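All remarks here apply to the structure that follows.
The values are calculated or read from the model by the stated rules, or taken from the named source; none is laboratory data. Computed from a prediction, not measured in an experiment: that's the story for all the values here. In this analysis, Cβ positions are derived from the backbone assuming ideal geometry, glycine residues included, and neighbour counts consider all displayed protein chains. Ligands, DNA and RNA are excluded from the accessible area calculation, which covers all protein heavy atoms including side chains. Shrake-Rupley method; radii C 1.70, N 1.55, O 1.52, S 1.80 Å.
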Amino acid sequence: MIEQFHKQAPNAKLRFEDWGQDTERLIEVGQVDLAVNYYPMALSSAIYQTPICYPKFKLCVAQGHPLTKKDKISVEDVANSQLVLASRSWEHENGNYIETYLKRRGFIPKVLLRSDKLDTCSMVLKQTLAVAPVSEIVSTIVNEEGLAILDISHLDDVTHYPVAYFVNDRAKASPYSQWLINELQQTLDYLKSIYDSPMPIINTPYSKNQNSIKDCYER
């Protein structure tokens with residue numbers, strides 16, 4: 001998206017941030033033009049949110065992790081693993097999703113790290129046998145990060161939350177907002193075309209000019 005924005009608006013000043021405690025207020029007052037997160041979120045009625053992409057829920061581990069050698073990952077495999085959690089990315093009304101899921105299945109989650117620093121999450125994954133919940137969108141860039149994606153679509157009762165955009169409700173129909181939304185949609189469509197490829201996720205070659213894992217990893 002950064003490259004696309006720069007081509008179309010070379011004099012614009014771009015600022016990208018992780019979703020934080022002030023993001024809702026900043027959208028309301030017009031200081032954040034467009035935000036991306038999982039859907040739905042319990043936010044002010046002054047914020048318009050709508051799904052724009054429907055990726056699957058996956059797990060991320062270090063390359064060479066023992067679980068990468070298994071044909072199918074079991075709930076027990078996940079429950080017996082330590083978890084690395086991005087602090088807000090999978091939190092919905094009932095709390096962190098993977099923790100809620102494991103508790104619902106009768107397991108006690110083992111959280112190794114909970115951090116809003118995505119580079120730290122990536123580093124800890126590479127140095128341990130922990131697992132992290134991610135969107136399949138990141139499957140396009142995890143290989144160059146020394147990480148691998150595990151499919152868990154066969155597990156029962158896994159909810160795959162859509163990705164949505166969030167804008168100020170009063171500004172949603174403006175040409176500027178519609179341009180931003182269109183650029184976001186094109187980027188997500190491009191990423192989806194890559195992870196929908198029949199090539200194996202772990203062995204897929206990735207372009208060096210793609211976004212870093214910090215930009216794509218569970219916003």
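Conditions tested, residue by residue: (1) open to solvent by 70 Å² or more (accessible area, probe 1.4 Å); (2) at pLDDT 95 or above; (3) under 26 Å from G146 (Cβ atoms); (4) under 20 Å from the mean Cα position of the chain (by Cα).
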{"position": "N11", "(1), (2), (3), (4)": "yes, no, no, no"}
{"position": "T23", "(1), (2), (3), (4)": "no, no, no, yes"}
{"position": "A46", "(1), (2), (3), (4)": "no, yes, no, no"}
{"position": "I52", "(1), (2), (3), (4)": "no, no, no, yes"}
{"position": "D77", "(1), (2), (3), (4)": "no, yes, yes, no"}
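Taken over the stretch 122-133, the criterion of being under 15 Å from L59 (Cα atoms) and either polar (S, T, N, Q) or in contact with a helix residue (DSSP H, G or I) (Cβ under 9 Å, 6 or more places away or on another chain) (or both) is satisfied by S122, L125, K126, T128, L129, A130, V131, A132, P133.
Against the list (1) without any contact (Cβ under 8 Å) to a residue 40 or more places away in the chain; (2) in a strand (DSSP E or B), the condition V32 fails is (2).
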